[in-house]
Amino acid sequence: MKSAVETLNPTRVRLTVEVPFEELKDSLDAAYKKINQQVTVKGFRKGKIPARVIDQRFGRGAVLEEAVNDALPKFYTEAINEAELNPLGQPEVDITELKDGETLNFTAEVDIRPTIEIPDYSGIEVTVDAVEVSDEDVEKSVEQLRERFASTSPVERAAEDGDVVTIDLQAKVDGEVLEDGVAEGVSYTIGSGELLEGIDDAVKGLEAGGEATFTSELKGGSAEGKEAEVTVKVTQVAARELPALDDDFAQLASEFDTLDELKADSRKRLENMKQYDQATQAQERVLDELLKLAEVPIPEKLLADEIQTRKHNLEHHQLGQMGIDLAKYLEIQGKTEEEFTAETEEQAVKGIKTQFILDELVNKEKLNVNQEELTEHLMRRAASSGMSPDQFAQAVVEGGQVPMLVGEVARGKALAVVVEAAKVTDTNGEVVDLEDDEDEVAEAVVAAAEGEPVEVAAGEKTEA
């Protein structure tokens with residue numbers, strides 16, 4: 001077999017392959033054997049039909065077609081390996097010449113990984129937010145904890161902001177009560193924004209036994225999106241009572257004996273959270289700077305497939321779980337379809353560039369992934385997916401996704417190398433010493449490759 005490579009552009013090549021006919025012998029034998037098992041000829045036992053009889057009865061062309069279909073993948077793979085190419089996706093194959101007993105010639109066009117020069121990243125400098133926890137931050141954190149331990153007690157007065165009311169609801173559309181438009185004994189905190197728009201104004205000022213009617217657009221159910229006439233009846237008004245901020249509260253709400261100890265712990269937790277956010281910010285900004293330094297050509301078909309995959313995952317998985325369609329999502333986001341498409345393409349380009357350059361860096365630095373690193377990454381990915389480690393591992397193995405996880409960890413290690421070489425300072429001008437967790441960096445790489453998470457407006461429920 002002889003092969004030659006023609007570079008069509010930095011990400012696509014055409015292979016021209018010439019195969020002497022004698023190299024098709026094994027595939028021809030296999031073709032005759034396969035046809036033998038599929039056909040019957042009077043006077044011959046099944047599987048024992050001579051080749052000349054098959055040629056006479058079914059045509060030599062059918063045998064050649066079967067043999068070529070069997071042989072092409074092997075010769076294509078040999079040509080790819082001989083040229084030391086890294087193909088992306090399936091090739092477009094064209095048989096240019098097939099002469100029985102003489103030769104088989106074909107061409108194969110395929111996208112390939114581009115050759116990437118790793119830039120000098122030692123001069124990368126980024127600025128991140130300083131880790132600062134104010135007294136106000138601590139007070140807010142303690143106040144949130146205090147809210148969780150609030151109690152309620154019924155009161156005989158009109159409902160006010162912050163009260164917890166028990167209500168009955170009835171929704172009508174076009175004067176008809178909806179089958180799924182009746183609810184009783186619903187507990188609602190006034191001002192929380194968790195139910196229908198307009199309900200706060202309707203219930204404020206009502207005492208137990210009072211009712212009001214208002215109109216609102218339904219957020220779910222059989223008449224989702226339609227304007228409904230909603231009648232709300234208050235059956236109970238309860239005031240929320242917050243516990244006093246003292247040592248007794250600290251003992252009730254935490255493992256600490258004093259309020260000062262609780263506040264000190266809250267400050268430490270906030271510092272840890274901000275340090276984690278700072279590290280993530282550094283990883284993202286270093287990656288952005290690395291991508292700016294590198295010239296990475298993007299295969300057109302790969303980009304088109306990636307954009308389509310992202311759109312499909314958004315529409316049929318993330319938005320499907322939220323119970324909304326793409327049009328509703330764009331309305332919530334305040335985006336046009338053109339803006340959404342442009343953003344999706346931008347994210348796809350960044351994801352592909354990230355994978356290409358970090359894979360190249362993995363090879364250059366000869367980075368390997370051991371079992372412990374892979375297991376730790378799998379545990380984190382399982383936690384973020386909401387599955388148990390065993391369930392996630394089984395899904396990964398059955399889906400043939402182990403190489404994908406290995407790649408994520410390896411790219412995380414590659415980015416950690418770049419982050420370590422970069423100069424990171426905070427907004428106060430202080431140099432930030434990052435103790436890189438390579439698995440956390442791997443998560444940053446995954447996020448960059450997959451694009452930004454779906455966000456929805458306040459009041460919309462999402463499990464994406």
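Candidates in the range 309-365 are the residues that are free of Cβ contacts under 8 Å to residues at least 60 places away in the same chain and assigned to a loop (DSSP other than H, G, I, E, B); of these, the one that is farthest from residue 285 (Cα to Cα) is 325.
Do the conditions hold for residue 136, that is, is it under 38 Å from the mean Cα position of the chain (by Cα), outside any loop (DSSP other than H, G, I, E, B) and under 30 Å from residue 300 (Cβ atoms)? When the stated conditions are applied, residue 136 does not pass them. Note on the range 282-325: residues that are more than 22 Å from residue 415 (Cβ to Cβ) and of a type outside the set (A, V, I, L, M, F, W, C) amount to 17. Going through the range 25-44 one residue at a time, which ones are more than 47 Å from the chain's Cα centre (by Cα) and touching a residue at least 12 places away in the same chain (Cβ under 8 Å)? Of everything in the range 25-44, those that are more than 47 Å from the chain's Cα centre (by Cα) and touching a residue at least 12 places away in the same chain (Cβ under 8 Å) turn out to be 32, 36, 39, 41.
Residue 368 meets each of the listed conditions (1) surrounded by fewer than 18 Cβ atoms within 10 Å (Cβ to Cβ); (2) within 30 Å of residue 129 (Cα to Cα); (3) in contact (Cβ under 8 Å) with a residue 24 or more places away in the chain apart from (2).
The residues of the range 183-207 that are closer than 18 Å to residue 224 by Cβ and among the aliphatic types (A, V, I, L, M), listed by number, are 183, 195, 196, 199. Could you tell me whether residue 248 is in a loop (DSSP other than H, G, I, E, B), free of Cβ contacts under 8 Å to residues at least 12 places away in the same chain and farther than 17 Å from residue 134 by Cα? In short, no. Scanning the range 182-241 for residues that are β-branched (Val, Ile, Thr) and closer than 11 Å to residue 163 by Cβ yields a count of 5.
To keep it simple, each residue is scored yes or no on (1) without any contact (Cβ under 8 Å) to a residue 12 or more places away in the chain; (2) surrounded by fewer than 15 Cβ atoms within 10 Å (Cβ to Cβ); (3) hydroxyl-bearing (Ser, Thr, Tyr).
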| site | (1), (2), (3) |
| --- | --- |
| 128 | no, no, no |
| 135 | yes, yes, no |
| 148 | no, yes, no |
| 158 | no, no, no |
| 161 | no, yes, no |
| 180 | no, yes, no |
| 194 | no, yes, no |
| 215 | no, yes, yes |
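Under 30 Å from residue 3 (Cα atoms) and over 35 Å from the mean Cα position of the chain (by Cα), is that true of residue 109? It is false that residue 109 is under 30 Å from residue 3 (Cα atoms) and over 35 Å from the mean Cα position of the chain (by Cα). Residues in the range 196-213 that are buried (at least 16 other Cβ atoms within 10 Å of the Cβ) and within 39 Å of the chain's Cα centre (by Cα): 196, 199, 200. Checking each residue in the range 366-401 for being under 30 Å from residue 118 (Cα atoms) and part of a helix (DSSP H, G or I) picks out 371, 372, 373, 374, 375, 376, 377, 378, 380, 381.
Just so you know, all these numbers are worked out from the coordinates, no wet-lab data involved. This one's a predicted model, so the numbers in the text were calculated from it and none came from an experiment. Neighbour counts run over all protein chains shown; Cβ positions are idealised from the backbone, glycine included.
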